[in-house]
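Working notes, beginning with the structure itself.
The values are calculated or read from the model by the stated rules, or taken from the named source; none is laboratory data. Since we're looking at a predicted model, the values are computed, not measured. Using ideal geometry, Cβ is built from the backbone for each residue, glycine included, and neighbour counts are taken over all protein chains shown. Surface accessibility is based on the protein's heavy atoms, side chains included, excluding ligands, DNA and RNA. Shrake-Rupley method; radii C 1.70, N 1.55, O 1.52, S 1.80 Å.
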Amino acid sequence: MSFKKNKYVVVKKVIKKELASFLYNYLLVKRQVARTLIDTKYISPFEKMFGVFGDGQVPKAFAAYADIAMETLLIKAQPVVEKITGLKLLPNYSYTRIYGYGDELVKHIDRFSCEISTTINLGGEPWPIYVEPVGKTKEVKIDLKPGDMLVYRGDLLQHWRKHFDGENHAQVFLHYNNAKKKESNIYDERIHLGLVKDPMFLQKKEKND
């Protein structure tokens with residue numbers, strides 16, 4: 001399957017099953033830590049460094065922007081994604097979720113920072129992702145095993161997940177931009193990887209003369 005033609009491609013075993021399992025269990029522990037810290041009021045419920053429970057797309061799922069382990073995976077996977085797409089890429093950011101029973105990801109396309117997107121199954125019960133190729137109305141169901149990755153044009157292809165009937169499903173999005181596009185950015189406008197997107201950590205914009 002050609003990424004250039006179809007705007008998506010599945011890469012089997014992009015990471016080993018053992019690494020996927022390690023990251024899956026790491027995220028389960030991280031979710032538990034975040035829950036305890038919030039419930040005991042050790043941290044503010046608005047603190048995002050340890051992850052959040054619910055975001056704008058999935059109201060109840062545990063999610064983490066720029067987890068350091070996942071940001072490292074963002075760099076590790078970059079050569080594979082560049083080979084698949086045939087593009088020189090800039091790493092933007094990672095975003096992780098653990099979905100639970102009743103969750104769903106509604107049909108959507110992503111912002112430009114997610115131009116070249118990937119999702120990697122890290123573990124839990126099986127749960128397919130669906131994409132709708134450009135110019136077509138027939139959905140494509142994609143089943144990923146732990147360690148498998150879907151590479152797709154997040155800013156062009158409608159993608160979604162239907163009602164989840166399992167207990168846990170963990171995955172990570174890795175997002176990149178085409179380095180040759182003038183409007184592309186690196187690190188999602190942060191000064192480096194691993195940071196939340198806070199004004200304190202954003203790159204300084206050059207002023208026009």
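For the chain, modelled as a Gaussian network with Cα springs under 10 Å, which listed residue fluctuates most, 152, 176, 130?
Sorting by GNM fluctuation, first place goes to 130.
So what is the relative contact order for the chain, in percent, with contacts set as C-alpha pairs under 8 Å and at least six apart?
27 percent
At 25 °C and a viscosity of 0.890 mPa s, what translational diffusion coefficient does Stokes-Einstein give for region 26-138, taking Rh as the Kirkwood radius over Cα pairs? Give it in µm²/s as a whole number.
153 µm²/s
Under a cut-off of 18 Å between alpha-carbon atoms, report the lysines in cross-link reach of residue 41, not counting same-chain residues fewer than 8 places apart.
Of all the lysines, those that pass the test against residue 41 - Cα under 18 Å, at least 8 places apart if same chain - are 30.
How far apart, in nm, are two points set 7 Å out from the Cα along the Cα-to-Cβ line at residue 111 and at residue 75?
2.4 nm
What 222 nm value per residue comes from the helices of the chain, counting each DSSP H run with n ≥ 4 as -39,500 (n - 2.57) and dividing by all residues, nearest 500 deg cm²/dmol?
That calculation yields -7000 deg cm²/dmol at 222 nm.
Find which of 22, 74, 2 sits farthest along the positive direction of the dipole of region 1-124, computed with +1 on the beta-carbon of Lys and Arg, -1 on that of Asp and Glu, about the Cα centre.
2
Between residue 17 and residue 88, what length comes free when the chain is fully extended (0.36 nm per residue of separation minus the Cα-Cα distance, one decimal in nm)?
Additional length available on full extension: 22.8 nm.
Give me the percent of accessible area attributable to carbon and sulfur for the chain, probe 1.4 angstrom.
The C+S portion of the solvent-accessible surface of the chain is 57 percent.
Given 4/136; 7/204; 4/76; 16/48; 5/83, which pairs have Cα atoms separated by over 25 Å?
Listed pairs above 25 Å: 7/204; 16/48.
Can you give the Kirkwood hydrodynamic radius for region 95-135, in Å, rounded to one decimal and based on Cα pairs?
Across region 95-135, the inverse of the average 1/r is 12.6 Å.
Highest mean first, how do 192-198, 84-90, 177-183 rank when packing is the count of other Cβ atoms within 10 Å averaged over residues?
Taking the mean over residues of other Cβ atoms within 10 Å, the ranking is 84-90, 192-198, 177-183.
Select from 131, 101, 64 the residue farthest towards the positive end of the dipole of the chain; place +1 on Cβ of Lys and Arg, -1 on Cβ of Asp and Glu, and compute about the Cα centre.
131
Please state the charge dipole magnitude for the chain, taken about the Cα centre, from unit charges on C-beta atoms (+1 on K and R, -1 on D and E), reported in debye and rounded to the nearest 20.
The calculation lands at about 640 debye.
As an exercise, use a Förster radius of 41 Å and the Cβ-Cβ distance of residue 156 and residue 201 to find the FRET efficiency, rounded to the nearest 0.05.
That gives a FRET efficiency of 0.90.
Which distance in nm do the two modelled labels at residue 189 and residue 141 give, with both placed 7 Å along the Cα-to-Cβ direction?
Using points 7 Å along Cα→Cβ, the separation is 3.9 nm.
Over the chain, with the other protein chains present, what is the accessible area per residue in square angstrom, probe 1.4 angstrom?
Accessible area per residue, the chain: 56 Å².
For region 62-209, what is Rg from Cα atoms divided by 2.2 N^0.38 Å, rounded to two decimals?
It is 1.08.
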